[in-house]
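So the structure is just underneath, and the comments pick up after that.
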Amino acid sequence: MKQFVLLGFAAICALCAHAHAQLRPDQVLVVYDSRRAVSRDVAEFYAGSHLVPGGAGGFPGVYAGLRVLNLQATGAPVSAPGNTTYSDYLVQLRNPIRAHLSANGLTHKIRCIVLTKGLPHRIFDTDNPSVGDQPGNIGTEFLSGDATCASVDNELTLLWQDLEVGENGGAGDSKSDGMIPNPYRNKRVPIGTFTNINIDKPKSFIPSGGIGVYWINNPNAPYENQFTAGDFLLVVRLDAHTVQDVIDMVNRAQNLIYDTDIAGFVIDESNSDGILNPNPNSELDNQGGQLYMGDDYETARDRILFDGRFNPANMHYNALSGTNNFIVGPNVDYNGNGLLVTTPLILLAHYGSNHGNAPNNGAGVSANDTFAESFNYLPGAIFNTLESFNARAFGPLGTRFNQEQIADFIAAGGTFGLGHCWEPFAFGATKTHPLVTNFILGRLTWAEAAYTAIPALSWHYIVVGDPLARAHLKSDDVNNDGRVDIEDIYHWLKNPTDINRDGVANALDLQLIENSVRGSVFEDQGGIGR
């Protein structure tokens, strides 16, 4: 017991010493357009009626201190949901947001932008508008150094960079061609750990892998012109099929505590060896190249199991191909086909249509584009599938190649989603293991955790869900008061219990609680632009 007391004292002392700056509400700008009723309604719900007039009224807002921007008030032309051109993106979105931040002294205060339902989410390629919807052709466009299509969201991460300068349809004639590796990928610390003092300075990028394919930081440039993890904005979207779906999604993210006894995980691969490989191979989740982040699905699986707090019986991992190994839930009838999982989920990582031979019911219903609707979900459930167009169907746009959609997952009870609105290529797909490490097992906000799972910027990614949400684990709430705080350390020291299911109560359990409590300290301290 004396040893535990000493360890506990050290843990308590360490909380303040290690607290870094996490994202907080006053660093978040909610962007909406009152000329689009759905955009106004989502902004009013999230930021509050006192900041967003003209709606139903009576909404207190989800967080105090959020900042808002009504695009109508800037004089910008109104945008339409779905697709937009690069020139319209500049005039209707990027330039007004940039001007607002600059004029109001917010350049270094805002670390996150929230886009609302009703705003466009896809930017056409400048000289071949729909090429991103054509997997074969976008490959040629990318390798030739002229792929300029992007998500609105991911292009806005580089708000302060004039990526379009020089663009004239040539190979690598502007930085909007190709993609920029994300300097925050695979990080495990809050975004406020990195200074953004130079975020508005022009960055020096040099080509890699061919002109206009990848643009990487120029290490020989003056420091203020180098591109670091503090030099981009987290951009997240509050979007779904309906405004009510958005409201329900955000409400499910509040006071989020994952029940470690019942929460389930689906990690569905196909044609995999099921082994955590140290090097790239032919598996879709383990493609090599400049954006390589490891053997994704196996890493996610093993981190959950090694941590020990979640019930291992609720880990549903399958490496095999074929109809009988395609994991589905009980809420869609596939005539008994597929591998049934009834456990309520907090993570859906799935090859989806790339699994092949999806179950169907013989009457036109295929699991290819309905598997997400088939599962039961707990609050806080995350969607991240290995499908090229899983974030396409927002606004008036539908799916492509019969792939599952984040919007369908949200309507079925999901809370967070990460995906692609144009073809990203397998090597550029969003990753699952950073979400496990930094959100489910960690204490980063959803926005922060999501961007640690995104390989590149100025590309095709979309993040959906409450950016400020954080998750706790029920196992760490030792005194069962609905909070994870320093009282749980005191309670554990008086009555040591086994947290990680290894059969003993020891320093490893105390360390897990300490890490969770430290995350709660982060919540209180927040971060500042530095």
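The values are calculated or read from the model by the stated rules, or taken from the named source; none is laboratory data. Computed from a predicted structure; not experimentally measured. No Cβ is skipped: glycine too gets one built from the backbone with ideal geometry, and neighbour counts run over all protein chains shown.
Can you confirm whether the range 277-292 contains a residue that is among the hydrophobic types (A, V, I, L, M, F, W, C) and more than 22 Å from the chain's Cα centre (by Cα)? For the range 277-292, residues among the hydrophobic types (A, V, I, L, M, F, W, C) and more than 22 Å from the chain's Cα centre (by Cα): absent.
Given the structure, is Leu115 within 12 Å of Val31 (Cβ to Cβ), assigned by TED's automatic domain parsing to the domain that holds Ile180 and out of contact with any His (no Cβ under 6 Å at 6 or more places or on another chain)? Taking the combined requirement at face value, the residue satisfies it. Among all residues of the range 271-291, there is at least one that is farther than 26 Å from Pro181 by Cβ and surrounded by 15 or more Cβ atoms within 10 Å (Cβ to Cβ). Of everything in the range 323-343 that is of a type outside the set (A, V, I, L, M) and within 22 Å of Lys431 (Cα to Cα), the residue that is surrounded by the most Cβ atoms within 10 Å (Cβ to Cβ) is Phe326. Do we have any residue at all in the range 101-108 that's surrounded by fewer than 19 Cβ atoms within 10 Å (Cβ to Cβ) and in a helix (DSSP H, G or I)? There is at least one residue in the range 101-108 that is surrounded by fewer than 19 Cβ atoms within 10 Å (Cβ to Cβ) and in a helix (DSSP H, G or I).
Each residue in the range 299-324 was checked for being within 19 Å of the chain's Cα centre (by Cα) and without any contact (Cβ under 8 Å) to a residue 40 or more places away in the chain, and 1 pass.
Considering every residue within the range 182-195, establish whether at least one is among the aromatic types (Phe, Trp, Tyr) and part of a loop (DSSP other than H, G, I, E, B). Yes, there is a match, as at least one residue in the range 182-195 is among the aromatic types (Phe, Trp, Tyr) and part of a loop (DSSP other than H, G, I, E, B). Just one residue in the set Ile406, Ile486, Ile454, Ile410 is out of contact with any strand residue (DSSP E or B) (no Cβ under 9 Å at 6 or more places or on another chain) and either on the phi < 0 side of the Ramachandran plot or not assigned by TED's automatic domain parsing to the domain that holds Asp295 (or both); that residue is Ile486.
To keep it simple, each residue is scored yes or no on (1) out of contact with any Pro (no Cβ under 9 Å at 6 or more places or on another chain); (2) among the aromatic types (Phe, Trp, Tyr).
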position: Ala372; (1), (2): yes, no
position: Thr385; (1), (2): yes, no
position: Ser388; (1), (2): no, no
position: Phe394; (1), (2): no, yes
position: Thr399; (1), (2): yes, no
position: Gln405; (1), (2): yes, no
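Yes/no per residue for (1) assigned to a helix (DSSP H, G or I); (2) of a type in the set (Lys, Arg); (3) touching an Asp or Glu at 6+ places or on another chain (Cβ under 7 Å):
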| site | (1), (2), (3) |
| --- | --- |
| Gly136 | yes, no, no |
| Thr140 | yes, no, no |
| Trp160 | no, no, yes |
| Leu163 | no, no, no |
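The C-beta contact set for the range 75-104 (first residue at positive phi, second residue assigned to a helix (DSSP H, G or I), distance under 8 angstrom, 6+ apart or interchain) comprises Gly75/Pro96.
Could you say whether any residue in the range 375-383 is touching a helix residue (DSSP H, G or I) at 6+ places or on another chain (Cβ under 8 Å), of a type in the set (Val, Ile, Thr) and within 22 Å of Ser270 (Cα to Cα)? Yes, the range 375-383 contains a residue that is touching a helix residue (DSSP H, G or I) at 6+ places or on another chain (Cβ under 8 Å), of a type in the set (Val, Ile, Thr) and within 22 Å of Ser270 (Cα to Cα). Where strands (runs of 3 or more DSSP E) fall entirely within the range 412-481, none has at least 3 residues that are surrounded by fewer than 24 Cβ atoms within 10 Å (Cβ to Cβ) and over 13 Å from the mean Cα position of the chain (by Cα).
With respect to Lys175, determine if the residue is touching a strand residue (DSSP E or B) at 6+ places or on another chain (Cβ under 6 Å) and more than 30 Å from Gly519 (Cβ to Cβ). Spelling it out, Lys175 is indeed touching a strand residue (DSSP E or B) at 6+ places or on another chain (Cβ under 6 Å) and more than 30 Å from Gly519 (Cβ to Cβ). Quick one: in the range 482-513, which of the residues that are outside any loop (DSSP other than H, G, I, E, B) and without any contact (Cβ under 8 Å) to a residue 12 or more places away in the chain is farthest from the chain's Cα centre (by Cα)? Checked the range 482-513; the qualifying residue farthest from the chain's Cα centre (by Cα) is Lys494.
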